[in-house]
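Reviewing the structure listed below.
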Amino acid sequence: MSSMPDDSLVQNENQSIGERLRISRESQAFSQQAIADELHLPVRYIQWLEEGAFEKLPSLVFARGYIRSYAKIVGIDGALLIDIFNQQYGMSDKRESIRSVSKMQQQVKLGDPVMRWASWIFLIAIIAIVGWWWKTQYSLAPIDEIKSIVSSVEVETANDNSLALPILDDSSADATSDAAIEPAATDEPQDLSDAEIARLQSALDSAPETEVALQSPVESSAGEDDATQSSLIERLTITFNDDCWLTVKDADGQTLFKNIRKSGESLKLSGKEPLSLLIGRVSAIDELSYNGNTVDLAPYNIKNVAKLTLPLN
Amino acid sequence: MFKKIRGLFSSDLSIDLGTANTLIYVRGKGIVLNEPSVVAIRQSGNQKSVAAVGTDAKRMLGRTPGNITAIRPMKDGVIADFHVTEKMLQYFISKVHDNSFFSPSPRVLVCVPCKSTQVERRAIKESAMGAGAREVYLIEEPMAAAIGAGLPVEEANGSMVVDIGGGTTEIAVISLNGIVYAESVRIGGDRFDEAVVTYVRRNYGSLIGEATAERIKQEIGSAYPSKDVLEIDVRGRNLAEGIPRSFTLNSNEILEALQDPLSAIVQSVKSALEQCPPELASDIAEHGIVLTGGGSMLRHIDRLISEETGLPVILAEDPLTCVARGGGRALELLDKHAFELLTFE
């Protein structure tokens, strides 16, 4: 009996695992039932093991375990059998990876790279759209308009050289500030002033409406405004603390002023009532007075743009 | 941000932070580290420094001079000494990374006992973080053990796994990638050693160290009576004489010594079977119970559980590394559906 396991090992280099187990079992006069009882396994499992029908067993992991336990009982080297088994069926580690239990469609997780990229692209798109909208809303439109305004102004000044009258008072204190900002506009009148003063003085004596204009001490203005045309006594004074674009039209719909004023400048206008104003940048207006009364722009201020008619009613 | 860059130079790790041994599985490489969870601390004045970690430190256990203490920072499967555990992990993580230019910052999967408390899990998570991990995931030990043993965990089929570790024994019934029933008893290899020490002291009046007890257990320890009786010569300090004496132990004596812890394990296996839903219990009765963990290498322990429960019991392939390998398999699924396997407490 003791020699039988050795014999079986010697004779069976090419014997299968099941045969080896069977031979060892029979050599020790065990029945299949006895082995099954010992291992607490169904007899059919022992049959399958001996037949080599391992695929009928629950899984290869269990097959390995059963072979090892069986070998231990009949007293042969289980590790050797497992080696043979692994050669036939592959190592345990080469099993396919664990599958998910959920049979439903997998939800996309936030950490998913696809999801992350998609959200980045979405975010960038949103920012781009907002930026584009902002540009079109606030900066592009005014620039376009200003361009057209500037060209129209140039035409106007070229057409009539009515610079003389408003320039008359440039010798007053305010002229210095104007001179700093718009030297081209003020240099010319400076030269003119001495020669023209006497002539203008006499002209003003005869013209009552221009006399009124002269009475105001701080009539400083660039050449563009058509102040000469105004024959009415209404007065509009605006002082600026920053660059501001504005349009002023009189009752006839005639444009009195349509341009940009720079910081520190002021604008004085008179025209036929009612005057309609469109101010492009309310925050740049230091003070707006009409007939000496300060006008509060706050009620008209819509997104820093104000549209109003004077006098207020 | 910098951690992310360093992460590019680090590989994902699965760590079986056991009471007795720490194993590290590196994604794509397999198990690269298997060392005892022991740290030797040298104290000079108020300064404490790590003298040795792992195998070197284990050799020092019980043999240290006054200024060195060899510590096992894990006890009963959980952290007993937070800072030392952190140091140990740090050492192991840097050891498995060859790159010395960047300090590694890997994603780490750590196994935790299934009945550990939130505080204990948090401690494990934080010590791994402190050791330089970029992200820490936790997986319950029996789940990792079952995956590592190659059980069909994803099938609608009950599998029972008994993982006998150094500090704890984890018993779990698993089906559909989840744990149906789990029990953890704080009995394991360490308790076996203690039982041997106690037995020798009581019956031979001699003191032996834990290292000797472990050697006795490994060489002649048995969980079930068998025909062949093994013997071993050991030396211990005789308590009465105070002199080292040599004596011989045999496997039946060790069997007797181990009765208490073994019966506790058998009892919890039985109670797990009692608590198990009937369908799963019948699956288990059909296939059998799978033993993993270093404790299952005790001779005839499968036989003991099989006889006590009347069910087939099989030993997993390479039981020591089952948990680490299972963790590694879960790690490879980390980006896909590992959330089914992980625990988020």
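What the table shows:
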item	result
Counted residues, region A:54-73 - those being within 60 Å of the chain's Cα centre (by Cα) and of a type in the set (A, V, I, L, M)	2
The listed residue being within 17 Å of residue B:314 (Cα to Cα), within 13 Å of chain A (Cβ to nearest Cβ), under 18 Å from the mean Cα position of the chain (by Cα) and surrounded by 21 or more Cβ atoms within 10 Å (Cβ to Cβ), out of B:284, B:301, B:289	B:301
Residue in region B:21-28 that is under 22 Å from residue B:114 (Cα atoms), hydrophobic (A, V, I, L, M, F, W, C) and assigned to a strand (DSSP E or B) present	yes
Residue count, region B:140-159 (criterion: more than 12 Å from chain A (Cβ to nearest Cβ) and not acidic (Asp, Glu))	2
Residue selected from region B:160-178 under the condition assigned to a loop (DSSP other than H, G, I, E, B) and within 11 Å of chain A (Cβ to nearest Cβ), by the criterion farthest from residue B:334 (Cα to Cα)	B:176
Selection within region A:34-47 - within 18 Å of residue A:72 (Cβ to Cβ) and in a helix (DSSP H, G or I)	A:34, A:35, A:36, A:37, A:38, A:39, A:45, A:46
Residues of region A:48-79 classified as in a loop (DSSP other than H, G, I, E, B) and within 10 Å of chain B (Cβ to nearest Cβ), total	3
Of residues in region B:51-106 being over 30 Å from residue B:117 (Cβ atoms) and either aliphatic (A, V, I, L, M) or in contact with a helix residue (DSSP H, G or I) (Cβ under 7 Å, 6 or more places away or on another chain) (or both), the one surrounded by the fewest Cβ atoms within 10 Å (Cβ to Cβ)	B:62
Output for region B:136-157, where each listed residue is modelled with pLDDT under 90 and either in a helix (DSSP H, G or I) or of a type in the set (D, E, K, R) (or both)	B:154, B:155
Selection within region A:27-47 - of a type outside the set (Asp, Glu) and within 14 Å of chain B (Cβ to nearest Cβ)	A:28, A:35, A:36, A:39, A:40, A:41, A:42, A:43, A:44, A:45, A:46
Residues satisfying the stated conditions in region B:310-323, i.e. at the interface with chain A (Cβ under 8 Å from one of its Cβ atoms) and polar (S, T, N, Q)	none
Scan of region B:21-34 for residues that are of a type in the set (D, E, K, R) and either within 16 Å of residue B:133 (Cα to Cα) or modelled with pLDDT of 95 or more (or both), ordered by number	B:27
Odd one out for residue B:190 among (1) among the charged types (D, E, K, R); (2) buried (at least 23 other Cβ atoms within 10 Å of the Cβ); (3) free of Cβ contacts under 8 Å to residues at least 24 places away in the same chain	(3)
Candidate set from region B:154-187 (those that are touching a strand residue (DSSP E or B) at 6+ places or on another chain (Cβ under 8 Å) and free of Cβ contacts under 8 Å to residues at least 40 places away in the same chain); member that is surrounded by the fewest Cβ atoms within 10 Å (Cβ to Cβ)	B:156
Residue selected from region B:231-278 under the condition closer than 22 Å to residue B:191 by Cα and among the hydroxyl-bearing types (Ser, Thr, Tyr), by the criterion surrounded by the most Cβ atoms within 10 Å (Cβ to Cβ)	B:251
Residue ID - modelled with the lowest pLDDT, chosen from residues in region A:274-313 that are part of a loop (DSSP other than H, G, I, E, B) and loosely packed, with under 15 Cβ neighbours inside 10 Å	A:313
Pick from region A:253-273, criterion of a type in the set (D, E, K, R) and within 34 Å of the chain's Cα centre (by Cα), ranking: surrounded by the fewest Cβ atoms within 10 Å (Cβ to Cβ)	A:262
Subset of region B:108-124 [modelled with pLDDT of 90 or more, surrounded by fewer than 19 Cβ atoms within 10 Å (Cβ to Cβ) and charged (D, E, K, R)]	B:120, B:122
Every residue from region B:277-289 that is under 14 Å from residue A:41 (Cα atoms) and among the hydrophobic types (A, V, I, L, M, F, W, C)	B:284, B:285, B:289
Subset of region B:324-345 [facing another protein chain (nearest Cβ under 8 Å), surrounded by fewer than 24 Cβ atoms within 10 Å (Cβ to Cβ), part of a loop (DSSP other than H, G, I, E, B) and in contact with a helix residue (DSSP H, G or I) (Cβ under 9 Å, 6 or more places away or on another chain)]	B:333
Test: residue in region B:252-269 that is over 27 Å from residue B:215 (Cβ atoms), away from every other protein chain (no Cβ under 12 Å) and without any contact (Cβ under 8 Å) to a residue 40 or more places away in the chain	yes
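The rows are residues; the columns are (1) in contact with a strand residue (DSSP E or B) (Cβ under 7 Å, 6 or more places away or on another chain); (2) among the polar types (S, T, N, Q); (3) outside the structural domain of residue B:163 (by the TED database).
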site: B:16; (1), (2), (3): yes, no, yes
site: B:24; (1), (2), (3): yes, no, yes
site: B:32; (1), (2), (3): yes, no, yes
site: B:36; (1), (2), (3): yes, no, yes
site: B:40; (1), (2), (3): yes, no, yes
site: B:47; (1), (2), (3): no, yes, yes
site: B:52; (1), (2), (3): yes, no, yes
site: B:62; (1), (2), (3): no, no, yes
site: B:65; (1), (2), (3): no, no, yes
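The values are calculated or read from the model by the stated rules, or taken from the named source; none is laboratory data. Source: prediction; values computed, not measured. Reconstructed Cβ throughout: ideal geometry from the backbone, glycine too, with neighbour counts over all protein chains shown.
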